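Reading through the structure tokens given below for one structure.
The values are calculated or read from the model by the stated rules, or taken from the named source; none is laboratory data. Just so it is clear, the structure is predicted and the values come from calculations on it, not from any experiment. Neighbour counts run over all protein chains shown; Cβ positions are idealised from the backbone, glycine included.
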Amino acid sequence: MKLKLNKKDFKPFLQSLIEEYDLFAPVQLVEGVSVFKKIDHPDEVDLSTPNPQKPAKELFFPQSETMFRYEKAGEKNKMTSTEEVKRERILFGARPCDIEAISIIEKVFVGEECTDVYFFEKRKKTTIIGLGCNHPLSTCFCSSAGGDPFLRAGSDLFFIDLGEAYFVELLTEKGMVFHKNKFFKEADSKDLTFVKELEEKAFEKVGYSIPVDGIEKRLNLMGESLFWDRVHEICMGCRICTYLCPTCHCFDIVDEDEHQTGQRVRNWDSCLSSLYSLETSGHNPRPTTRERTHQRLMHKFNYYPKHFGQVACVGCGRCILYCPVHFDIRQAILWTSSKRPRGLEGGMI
Amino acid sequence: MVIKKAYVETTDRMLRTLELSFLKEEDAKDFRFIPGQFCELSVLGKGEAPFGIASSPTENGSLKFTINKAGVVTTALHHLEEGAEIGIRGPLGNGYPIDLFKGKNVLVIGGGFAFTTLRSLIAFFLHPENRDKLKDLTVIYGARMPGLLLYKEELKDWEKRSDIKLLVTVDWGDKDWEGKVGLVPNVLEEVAPSSENTYAVICGPPIMIKFTFPKLMVLRFPDERIYTSLERRMKCGIGKCGRCNIGHLYVCKDGPVFNYAQLKKLPKDY
């Protein structure tokens with residue numbers, strides 16, 4: 001169904017969502033730093049940042065999440081579970097890359113054998129409103145990674161900014177709930193043409209130059225090559241790439257004890273940390289950044305594809321933008337595809 | 001679960017065995033496992049850690065774990081008294097391929113405190129109902145010193161039996177030790193069991209495994225018939241949290257038991 005929402009109706013529309021749902025959308029915390037946050041007033045929503053620093057995965061897999069609370073009472077311990085989501089939720093304004101990433105994590109967390117109830121409960125109670133990327137950044141390479149700036153997959157509704165209005169598509173059953181929404185008007189053929197134009201412009205900007213295709217096989221063949229000796233060199237193990245990665249989903253579980261009460265908490269963890277695989281005996285199967293970078297890249301481009309048939313990278317470019325030493329994952333991907341990697345002799349810089 | 005019985009196993013007091021019983025009878029009934037599987041044990045406020053099940057499924061009603069004091073959770077488990085409650089998640093992992101062993105000889109090689117799940121396997125096959133399923137059962141078990149051997153009373157019982165060939169060895173004997181002195185790989189070489197129709201199950205410290213594999217090669221054990229159980233730092237135990245993978249396989253979910261043919265295909269980060 002092709003609809004549109006005039007910009008003057010945008011805030012009233014958001015207000016109507018707040019009344020019925022828990023609404024999450026991009027919010028600017030300080031200048032240049034924005035995250036997805038629960039919205040109490042439409043004015044908080046800020047769509048000026050191309051893509052919030054922290055990916056939308058946080059709504060389903062929070063940075064820190066209580067798994068249960070406990071109360072120690074002599075022989076009888078009391079446990080309270082915390083996974084229930086009471087109110088239906090809406091994620092508004094996530095970009096196609098972040099939405100695709102949620103489905104990548106979902107494949108791991110909602111498996112055939114065991115389901116992660118904390119993730120699943122949030123996922124099933126969330127309606128996703130995606131937002132097309134009119135102006136991809138120079139670090140974006142979603143088209144190379146199998147997505148595109150206007151990929152609808154995973155969204156229940158999809159918004160495209162037409163300037164004066166948003167073009168609105170209802171894509172799933174959850175999306176069709178909105179088909180009689182009073183703020184939505186019928187879109188006309190002029191809007192459709194404009195959408196096409198915007199799409200073409202964005203596609204052109206993102207391009208298809210990063211050879212992600214076939215990388216799983218190339219890495220199989222590479223084995224223990226020079227590539228691994230050099231690619232990790234500049235990494236100092238700060239881990240920001242993994243925390244801000246929309247597909248990274250490793251976690252640690254710890255108890256936070258306050259004498260008689262406390263909670264078991266899971267926190268984001270990172271394979272680039274030396275503590276990540278350190279065993280109590282002192283043995284560490286991944287003792288240096290070489291093994292840890294190997295793990296990061298192999299998990300994304302070789303191990304994950306072996307299980308699920310797609311790479312665990314959506315080309316959002318956050319790891320490139322926020323890396324303090326300019327580790328460029330696109331460069332690493334390029335190196336895997338050339339026989340004599342240009343510049344490899346000199347490392348990443 | 002409740003700690004029914006707890007006792008120190010070794011003279012260095014670093015290994016303590018806990019016998020746990022279920023709080024609810026239906027849980028005891030529903031809990032089915034095979035030797036080689038593990039559980040996450042947890043102490044509220046301290047955390048959770050994985051441990052191989054040392055009891056056999058044939059020993060109904062309780063579960064046994066032998067715990068090396070190494071970190072926060074294990075130290076807490078060493079200090080808990082009988083009657084204390086602890087949390088459990090499991091059984092986890094794949095366990096030993098006991099169906100493959102049927103009608104075959106089995107050679108068990110263990111070192112140090114990695115003997116726990118091997119004890120489960122041996123006790124399982126020594127049960128009257130299961131002993132006929134195997135042909136010869138040979139066990140080589142070594143520890144650094146006599147005082148560090150686990151399950152000493154049980155070893156004495158096994159030595160008396162005719163349906164198991166048990167060889168216990170220590171790296172250094174003491175004045176009371178009358179048994180073998182020698183490293184596990186050397187004892188294996190000396191005993192030289194036939195690889196014909198035989199599976200080898202090996203579990204021990206990395207240094208022992210490193211030197212035992214070549215000896216098994218010399219004895220012509222094919223890679224597919226050498227099984228081992230790996231350890232990795234783990235959190236969730238169900239293949240979600242990420243850390244225990246070797247290549248595309250997760251030790252918690254696809255293992256911890258692998259054969260040597262599988263391991264050869266994986267990156268060498270273990």
Based on this model, can you work out whether B:GLY242 counts as farther than 26 Å from A:GLU224 by Cβ, in contact with a strand residue (DSSP E or B) (Cβ under 8 Å, 6 or more places away or on another chain) and within 11 Å of another protein chain (Cβ to nearest Cβ)? no
Could you check the stretch A:136-172 and list, in sequence order, the residues that are farther than 19 Å from A:VAL314 by Cβ and either within 17 Å of the chain's Cα centre (by Cα) or among the polar types (S, T, N, Q) (or both)? A:THR172
Residue by residue through the stretch B:166-197, note down the ones that are outside any loop (DSSP other than H, G, I, E, B) and either buried (at least 18 other Cβ atoms within 10 Å of the Cβ) or among the hydrophobic types (A, V, I, L, M, F, W, C) (or both). B:LEU166, B:LEU167, B:VAL168, B:THR169, B:VAL170, B:VAL181, B:VAL184, B:PRO185, B:VAL187, B:LEU188, B:VAL191
Restricting the stretch A:194-231 to residues that are of a type in the set (Asp, Glu) and not in a helix (DSSP H, G or I), the one nearest to A:PRO149 (Cα to Cα) turns out to be A:ASP213
Within the stretch A:259-271, is there a residue that is away from chain B (no Cβ under 14 Å) and in contact (Cβ under 8 Å) with a residue 40 or more places away in the chain? no
Selection count, the stretch B:195-235, where residues are free of Cβ contacts under 8 Å to residues at least 40 places away in the same chain and within 22 Å of A:ASN302 (Cβ to Cβ): 2
Do you know which residues across the stretch B:217-235 are closer than 20 Å to B:ILE98 by Cα and of a type in the set (A, V, I, L, M, F, W, C)? B:PHE221, B:ILE226, B:LEU230
Total residues in the stretch A:96-135, condition within 30 Å of A:TYR166 (Cα to Cα), within 14 Å of chain B (Cβ to nearest Cβ) and among the acidic types (Asp, Glu): 1
Single match in A:HIS294, A:HIS249 (criterion: in a loop (DSSP other than H, G, I, E, B) and surrounded by 20 or more Cβ atoms within 10 Å (Cβ to Cβ)): A:HIS249
Which of the numbered conditions does A:CYS140 fail, given that it passes all the others? Conditions: (1) in contact (Cβ under 8 Å) with a residue 60 or more places away in the chain; (2) part of a helix (DSSP H, G or I). (2)
Checklist (1) touching a Phe, Trp or Tyr at 6+ places or on another chain (Cβ under 8 Å); (2) assigned to a helix (DSSP H, G or I) applied to B:ALA200, failing item: (2)
Only one of B:LEU166, B:LEU183 that is assigned by TED's automatic domain parsing to the domain that holds B:LEU121 and in contact with a Leu (Cβ under 8 Å, 6 or more places away or on another chain): B:LEU166
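Each row is one residue, and each column tells you yes or no for (1) surrounded by fewer than 19 Cβ atoms within 10 Å (Cβ to Cβ); (2) under 15 Å from the mean Cα position of the chain (by Cα).
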residue	(1), (2)
A:LEU17	no, no
A:GLU31	yes, no
A:LYS37	no, yes
A:ASP46	yes, no
A:GLN53	yes, yes
A:ILE90	no, no
A:ASP98	no, yes
A:LYS107	yes, yes
Filter the stretch B:81-97 for residues that are under 21 Å from B:GLY237 (Cβ atoms) and not small (Gly, Ala, Ser) and give the result. B:GLU85, B:ILE86, B:ILE88, B:ARG89, B:PRO91, B:LEU92, B:ASN94, B:TYR96, B:PRO97
For a quick check of your reading of the model, give me the residue pairs whose first member lies in the stretch A:36-51 and is under 20 Å from A:TYR322 (Cα atoms), whose second is at pLDDT below 95 and among the aliphatic types (A, V, I, L, M), with beta-carbon atoms closer than 7 Å and at least 6 apart or on different chains. A:PRO50/A:LEU137
Restricting to the stretch A:277-312, name every residue that is facing chain B (nearest Cβ under 10 Å) and aromatic (Phe, Trp, Tyr). A:TYR303, A:TYR304
Please specify each residue of the stretch B:40-72 satisfying the condition of being assigned to a strand (DSSP E or B), away from chain A (no Cβ under 14 Å) and not hydroxyl-bearing (Ser, Thr, Tyr). B:GLY52, B:LEU63, B:LYS64, B:PHE65
